[in-house]
1. Averaging sequence separations of C-alpha pairs under 8 Å and six or more residues apart, then dividing by the length of the chain, give the relative contact order as a whole percent.
2. Rounded to the nearest percent, how much of the accessible area of the chain (1.4 Å probe, protein heavy atoms only) is carbon and sulfur?
3. Within the stretch 131-171, which residues have the backbone N less than 18 Å from the label spot 7 Å out from ARG8 along Cα→beta-carbon, could you tell me?
4. Can you give me the distance in nm between label points at ARG46 and ARG507, each placed 7 Å from the Cα along the Cα-to-Cβ direction?
5. For the stretch 401-408, in order, what is each residue's ³J(HN,Hα) by Karplus, 6.51 cos²θ - 1.76 cosθ + 1.60 with θ = phi - 60°, in whole Hz (x at glycine and Pro)?
6. Projected onto the charge dipole of the chain (+1 at Lys/Arg Cβ, -1 at Asp/Glu Cβ, origin at the Cα centre), which of THR480, LEU135, ASN496 gives the Cα projection farthest towards the positive end?
7. About its Cα centre, how strong a charge dipole does the chain have in debye, to the nearest 20, once Lys and Arg get +1 and Asp and Glu get -1 at the Cβ?
8. Whole Å is fine, so just give me how far the alpha carbon centre of the stretch 337-395 lies from that of the stretch 86-157.
Amino acid sequence: MIPRIHKRGPRTIGLLAYLYGPGKAEEHVDPHIVASFDGMAPDPGRDPSDSLKPLERVLDHPLLALPKDERPNAHVWHCSVRAAATDRILTDQEWGDIARRIVAATGIDPEGDDAGCRWVAVRHADDHIHIIANLVREDGHRPDLDFDAPRAQAEARRIEKDLGLRELAAGDGTAARRPTSAERHKAARRGLESTPRELLREAVRRSLAGAADESEFFTRLRGEGVRVNQRRAPSGDIIGYTVALPGDHNAQGQPIWYAGSKLAPDLSLPAIRRRLDHDPEDMWITTGTTQERPHRSGRAQPTRLRPAQARDRATDALDRAAAVFDAEDDAGTAAGLIGVGEVLDALSQTASADVRAELRAAAREFERASRSHIRAGRADQRALRSVAREIVYAGGALGRGEDGAATAAVLCTLVLVAVAAARWHTAHGHAQQAAAAQASARHLRAAYRNAAAPPMRALHDAGRSLPAPERDRHRDTIATVLPDQVIGPAEDSLWNALTATLDQVERAGYDPQALLAEAAAMRELNSADNTADVLVWRLRHIAQLPAPTSRRVTKRASTSPKLAPAPAATPTQFDAPRHTNRR
């Protein structure tokens, strides 16, 4: 159940005309009062011969009793209360009880107060009501409406429990502003997939993903096709910005502008500057991009990587971020969540067609999971912001071969990261953020299944084509390292890809048993949907194996003994070690 406090207005008759009218799309049916301040307010819906004037006079009586110079201008309070789509249809009596609880909780008409405000609740659809009140009490004073919206939300959570309705997660004031009904209806008339507010929010986030500085952010934002207006002080300094969607106009034909803070709390210019507050060169140092080339802007530019390389580096950075989620470092985790959101935004704009829709949905959900009241540590974001930038610079992936395997690997890691984020939010009582992280994980799983299908098919075929002695030896290795994951005859097909990967690991000069133990120890496996898949991508990532192909594995002349790990290349001072037991 969602109560929404609307902007206060100056005309009671204007809102009544809307509530009792046909609606903007003829959606209003049988408008009538289900509850009122005294239970006797005239109902023009039940007596069509009545005009709206008698009801207006009843509601405005305390206002009109004041001297004209003491009457508040915005005296009309309006709250809509909507049930969830899955809830049963409530009766008029139930909606009336809900209205009385909402006006009592918000301070409009407190229980036991004989001098509260005058109000009525109008129902003109099955799933919601509108409460209209006059903000002058019977005693001529103003009601106490401090925090009326949070109080309405808290009462809605109690109502859901009492009536057996769908229980929504409690918020903490960090969510982005929801589109209004008018915005949704306008978007539907224009055939838009989302409202302009939501489309602009996504465009700003995509432009911010990995941006090195404010100038680049605004350049990329304009490149999204968004209209940008920068507010400047007399000194010429930029003090704010607004954005508008081309073709989105008001009744006067003027563009409808949205300030960044109206899109989301963390998209105001001061919040963006805090995120960008670092030495741009630090971004490359954090992840080991030591080669840079000059740019005519004077800003350091990263060496352009191939899409697969950028995704491979992102997998490393995400693994390190996920480890922080399990540590007692709330500031680091909050920063990591912001960075993960930027990586998702970068992937969603460069993904191949087979995973793009699911990745964009995952990014939309995760943006809620990236915000809480816990202050983020700035330095902890840099590694993830750097790989987000590398992904953007590398461009789009083809979705096959090396690109497809690298995308599957990073998505497999992102699923576990989203699950870890949900677990962290749950432990901190962040219900909405935990639900958003879980929803993001569902979309990431769907994206992973699409991306992983071709390479995993090739690995399954390779595993089946191995000579029986080699296949059995690798399965013995799995049973030794993973005693809890015993391979039975019915499960053979689930582990073929891992068997083939262990064979390729051995061919590359590594000890399969040692490397499998390292991969299993990197992070817990209980949250994985498919343990074998997770281990496949960890092994391939650690050993830097080439992308799986559909070619059959060539039979070796003899069975080789297990080899010692090949010596790893000496890392630079900035590179994370490739072959270590990481957690």
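The values are calculated or read from the model by the stated rules, or taken from the named source; none is laboratory data. Please read these numbers as outputs of a predicted model, since none were measured by experiment. All Cβ positions, even for glycine, are placed from backbone atoms using ideal geometry, and neighbour counts span all protein chains on display. With ligands, DNA and RNA removed, areas are computed over all heavy atoms of the protein, side chains included. Shrake-Rupley method; radii C 1.70, N 1.55, O 1.52, S 1.80 Å.
1. Relative contact order for the chain comes out at 10 percent.
2. For the chain, the apolar C and S fraction of the accessible surface comes to 50 percent.
3. 131-152, by backbone N distance to the label point.
4. 8.1 nm
5. Listing the rounded values in order: x, 4, 4, x, 5, 5, 5, 4 Hz.
6. ASN496
7. Roughly 2140 debye, rounded to the nearest 20.
8. Between the Cα centre of the stretch 337-395 and that of the stretch 86-157, the gap is 40 Å.
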